[in-house]
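The values are calculated or read from the model by the stated rules, or taken from the named source; none is laboratory data. From a predicted model like this one, the values you see are computed outputs, not experimental measurements. Please note: Cβ atoms are built from the backbone with ideal geometry, for glycine as well, and neighbour counts cover all protein chains shown.
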Amino acid sequence: MTETDCQCKVGRGVDAFGLEGIHDELARGWCGDGRERQSLRELADHFNRRLLRSAVESADEAPLSGEVSNLYRLLTADDVSSGVRTQTRGRLETAGVPVDEVESAFVSHQTVHTHLTECLGISRETSEDDPDARRRADRDRIRALQSRTEAVTTDALERLRESDALAIEGFDVLVDVNVLCDECGRQHDVGALLDDGGCDCKV
């Protein structure tokens, strides 16, 4: 399943709260990408904090450094009393944050694993020493993101057209990613470049 078809909880949360770039953040965190790999629980917490931050900022609140992490802990940690949790929820609701909607959008580590492996098609077991496998994994991830961009753009244009906010009849959305080689000036489709293993001037 590609990211375009993603109807899992992660995908719905991304759409509902506008979490730009979160798919790539989760993928890089899980695979390492030159850094220490993060666990699925760490990635779930990262996603949930991003979601909470988006909701707080949408309510015209400007969270201080570390405040969102503390709010998330107060809403979810086992060692927080019910009274403190209720007080925290009340504070957020007063500020205009839809707490029930936010909490219902929080994801578990199992959900993150499903999203990474089934929606984005990423395998953590891909060998870091196998260039072909690494290129294939990144090619598939880029293609999934392209497909999702097409789907989101198409949906937005159709809604605008149907509400008479955009004057257009039939249309097609095309999302192409091209790479320009600084050495020889040749332009490559990113998928073809990854499949070929590099530019002709170097391979």
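Within region 64-107, if we keep just the residues that are of a type in the set (Ser, Thr, Tyr) and either in contact (Cβ under 8 Å) with a residue 40 or more places away in the chain or not in a helix (DSSP H, G or I) (or both), the residue that is nearest to Arg53 (Cα to Cα) turns out to be Ser65. Return the residue satisfying two criteria in turn: it lies in region 28-50 and is assigned to a helix (DSSP H, G or I) and farther than 17 Å from Arg12 by Cα, and of such residues it is modelled with the lowest pLDDT. Here the answer is Cys31. For first residues located in region 169-180 and of a type in the set (S, T, N, Q), partners that are at pLDDT 90 or above and assigned to a strand (DSSP E or B) and lie 6+ apart or on another chain with Cβ distances below 7 Å form the pairs Asn178/Gln187; Asn178/His188; Asn178/Asp189.
Condition test on Ile168, is it surrounded by fewer than 17 Cβ atoms within 10 Å (Cβ to Cβ), in contact with a Gly (Cβ under 9 Å, 6 or more places away or on another chain) and either under 21 Å from Gly13 (Cα atoms) or modelled with pLDDT of 90 or more (or both)? Break it down stepwise before answering.
Numbers: surrounded by fewer than 17 Cβ atoms within 10 Å (Cβ to Cβ): yes; in contact with a Gly (Cβ under 9 Å, 6 or more places away or on another chain): no; either under 21 Å from Gly13 (Cα atoms) or modelled with pLDDT of 90 or more (or both): yes.
It is false that Ile168 is surrounded by fewer than 17 Cβ atoms within 10 Å (Cβ to Cβ), in contact with a Gly (Cβ under 9 Å, 6 or more places away or on another chain) and either under 21 Å from Gly13 (Cα atoms) or modelled with pLDDT of 90 or more (or both).
Just to be sure I understand, how many residues within region 146-166 are assigned to a helix (DSSP H, G or I) and touching a Leu at 6+ places or on another chain (Cβ under 8 Å)?
So the first thing to find is which residues in region 146-166 are assigned to a helix (DSSP H, G or I), and the list is 146-162.
Retained after the next criterion (residues that are touching a Leu at 6+ places or on another chain (Cβ under 8 Å)): 150, 157, 160.
The qualifying residues number 3.
In region 108-132, what residues are at pLDDT 80 or above and in a loop (DSSP other than H, G, I, E, B)?
Residues of region 108-132 at pLDDT 80 or above: 108-122.
Scanning region 108-132 gives Ser108, Leu120, Gly121, Ile122.
Across region 131-155, the number of residues qualifying as within 18 Å of the chain's Cα centre (by Cα) and either small (Gly, Ala, Ser) or on the phi > 0 side of the Ramachandran plot (or both) comes to 4.
Note on region 51-101: residues that are of a type in the set (A, V, I, L, M, F, W, C) and within 16 Å of Gly18 (Cβ to Cβ) total 7.
With respect to Glu103, determine if the residue is at pLDDT below 95 and on the phi < 0 side of the Ramachandran plot. Break it down into steps so the answer makes sense when it comes.
Working: at pLDDT below 95: no; on the phi < 0 side of the Ramachandran plot: yes.
No; evaluated as a whole, the condition is false for this residue.
Looking only at residues that are in a loop (DSSP other than H, G, I, E, B) and charged (D, E, K, R) in region 171-203, which one is surrounded by the most Cβ atoms within 10 Å (Cβ to Cβ)? Taking the candidates together, the pick is Arg186.
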